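The values are calculated or read from the model by the stated rules, or taken from the named source; none is laboratory data. The shown structure was predicted, so the numbers you read here are calculated from the model rather than taken from an experiment. Here Cβ is always computed from backbone atoms with ideal geometry, including for glycine, and neighbour counts include all displayed protein chains. Ligands, DNA and RNA are stripped out before the accessible areas are found, and what is left, the full protein with its side chains, is counted by its heavy atoms. Shrake-Rupley method; radii C 1.70, N 1.55, O 1.52, S 1.80 Å.
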Amino acid sequence: MTPLTDALPLVKERRPPPLLPLPWVLPSLFAACNVVLLVFLSGLFFAFPCRWLAQNGEWAFPVVTGPLFVLTFFSLVSLNFSDPGILHQGSAEQGPLTMHVVWVNHRAFRLQWCPKCCFHCPPGTYHCPWCNVCVEDFDHHCKWVNNCIGHRNFRFFMLLVLSLCLYSGALLVTCLIFLVRTTHLPFSTDKAVAIVVAAPAAGFLVPLSLLLLIQAVSVSSADRTHEGKCRHLQGYNPFDQGCASNWYLTICAPRGPKYMAEAVQLQTAVGPDWTPMPNLHSPTSPQACPCLQPQPLGPYKPGKGPPGSG
C-alpha cells in the first residue's frame, strides 16, 4: 500500500507575511503629544509663576513670554501640516535606463532614478523612507512633527527652532527669577510648578541652541544635512552663492510652484461642455503631443521647473 504522504502532492509551506511598516498613526500621535505638551506646560507657567509675578507688578514677564508662546505654537502647528516640497509621482513609461544630466554652475549632476516615484530626481531631491515620497531640497525627516523638512517648509523649521530657543530661555529665566524672589515664602504650588516648568525648559534649551547653530552654518554654506551625510558634494559646492544670497534664497525668496497642487489640478474631471479637437494624431505617434518629445536639458535652478525635467 502506497503511503499517504507519497500520494498527496507536495505543498510548499506558507511563508509568514512580511512585517508591515510602522503605521502612520503612532508618529502622528507622537507629534500631537508634542503640541499637547507645549500647551500643557505653557498653561501651568501662565497660571502659577507668571500670574504671581504679574500680580506683584512684574508685567514685563507675561508681555514677553505671551507673544513667544503664540509664535512657537503657530510655527509648530504650521510645520506639522506644511508641504515640504513633495514631488508628485511620474510615469512608468520613463525607463531607469535613460540617463539625464543637468549642469549647476559648471558642475554636472546625473539625475538619479527613483523606482518608487518613477521619475529622475533633480539635484538635492531625496526619497523619504518614512513618508514614501520624494522631497525637493530634502534636509531631514523630523519625527517631532512627523513631517519632512525640505524646500517649501524649511523656513518654518528655522522659525520653530528659533522660537523654541527664545521661549525656552524666557521660561527658564522667568521661573528662576520667581524662585529667587519667593525664597522667603514657604514652599507652595507656585514653586512646585515653577520647578516642573523650568526643568524641561533647561533640558530643551541646550540641544535646541546647538541645532539652531548647526542649521545656521548649513544655510550659510548652502549645504543640506542629507547632502552632507551622502558626501556627494566634495570640494566645490555649486549651490553656494555667498552667505547673504544663501540666507535670502532660504528665508525670503519665493518658494516656487507647489507640485502637488499642480498634480491635483491636472486630475480635475472634464466638464460636459468639453469638445475634442479635430485632426489629432494617434496617441502613439511622436507628433501627437510636442511636450512628449525629448527636450534639451538646461541649467537646473532649485525650486524651479517640473520634477525630472532638469
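Quick notes
- For first residues located in the stretch 185-196 and touching a residue at least 60 places away in the same chain (Cβ under 8 Å), partners that are of a type in the set (Ser, Thr, Tyr) and in a helix (DSSP H, G or I) and lie 6+ apart or on another chain with Cβ distances below 9 Å form the pairs Ala194/Thr174.
- Residue within the stretch 28-44 that is in contact with a helix residue (DSSP H, G or I) (Cβ under 8 Å, 6 or more places away or on another chain), touching a residue at least 24 places away in the same chain (Cβ under 8 Å), open to solvent by 30 Å² or more (accessible area, probe 1.4 Å) and of a type in the set (Phe, Trp, Tyr) present: no
- Total residues in the stretch 199-241, condition at pLDDT 90 or above and over 18 Å from the mean Cα position of the chain (by Cα): 14
- Within the stretch 47-72, the residues that satisfy the criterion of being surrounded by 17 or more Cβ atoms within 10 Å (Cβ to Cβ) and among the aromatic types (Phe, Trp, Tyr) are Phe48, Trp52, Phe61, Phe69.
- Looking across the stretch 72-92, just one residue is part of a strand (DSSP E or B) and either within 11 Å of the chain's Cα centre (by Cα) or within 25 Å of Leu162 (Cβ to Cβ) (or both), and that is Ile86.
- Sub-8 Å Cβ pairs linking a first residue in the stretch 93-118 that is at pLDDT below 75 to a second residue that is small (Gly, Ala, Ser), at least 6 apart or interchain, are Gln94/Gly308, ordered by first then second residue.
- Counting only strands (runs of 3 or more DSSP E) that fall entirely inside the stretch 112-221 and contain at least 3 residues that are open to solvent by less than 70 Å² (accessible area, probe 1.4 Å), within 30 Å of His88 (Cα to Cα) and not hydroxyl-bearing (Ser, Thr, Tyr), the qualifying elements are 119-121, 133-135, 140-142, 147-149.
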